[in-house]
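The values are calculated or read from the model by the stated rules, or taken from the named source; none is laboratory data. Since we're looking at a predicted model, the values are computed, not measured. Neighbour counts are summed over all protein chains in view; Cβ atoms, including those assigned to glycine, are modelled from backbone coordinates with ideal geometry. Quick note on the areas: whole protein, heavy atoms, side chains included, nothing else; ligands and nucleic acids left out. Shrake-Rupley method; radii C 1.70, N 1.55, O 1.52, S 1.80 Å.
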Amino acid sequence: MQLWTTLLLLLYINKSTTMIDDLYPSRKEMRFTGYDYRAKGCYFITVVAHNHVCLFGHVEDGKMILNEPGKMIDHLYHTVEDRFPQVVCMDSVVMPNHFHCVLYLDVDNSDSIYKVMDYFKSMTTNEYIKGVKEKGWKHFDGHLWQRNYWDDIIWNDRQLKFVQNYIALNPCRWNPSAEPRASEDTHPCFLSRE
């Protein structure tokens, strides 16, 4: 009798868990499963402003015109190397509501891309809050950045060149009515890993 009761209880728990999972779907996995993000190599990163609000400037005639917050984002990106000597800050572009960059870890180390990006997001958020208080920058709603960020491991020189071109031409392709979503036709994350 106790065995049946246990089985029924397990079945009930499993069914109710499934019902809860249906009500609250999990977030999409954004990382390459099983990959060690402390490994030497290049990483393409995209960080998006919370609610896609344009806070960092505007695009005019295919050129990104940074406002003060945008200049702060660009400056603090290049100071990441001071905090993490094993990181090389490569190509980057600050867009009106997002930021693209390529980071290179020059050795296998204990600091992962997660730690680097947490540091970058914290630094830029703190400086932005300071700018709101002291310089009258536009307020943001709750968070400066979305909770997560997009990343892709750059597997070869061909993909690196594509990503560098993607970053360089990003202002020319800016469409304020389109959200910065991944597209299999244009986003470097979908390139072949050959």
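For Gly57, nonlocal amide neighbours, meaning residues 5 or more places apart or on other chains whose placed amide H falls under 5 Å from its own, are Asn67.
Multiplying the residue separation of Lys161 and Val88 by 0.36 nm and removing their Cα-Cα distance gives an extension gain of 24.6 nm. Using R0 = 35 Å, the C-beta based FRET efficiency linking His58 and Val107 works out to 0.35.
Of the whole protein surface, Leu66 contributes about 50 Å² of accessible area at a 1.4 Å probe radius. For the range 78-187, pairs of C-alpha atoms spaced more than 25 angstrom apart make up 30 percent of the total. Rolling a 1.4 Å probe over the protein heavy atoms leaves Lys135 with an accessible area of roughly 130 Å².
Evaluated over the range 115-182, the count of Lys pairs having alpha-carbon atoms less than 21 Å apart is 5 (only pairs 8 or more residues apart or interchain).
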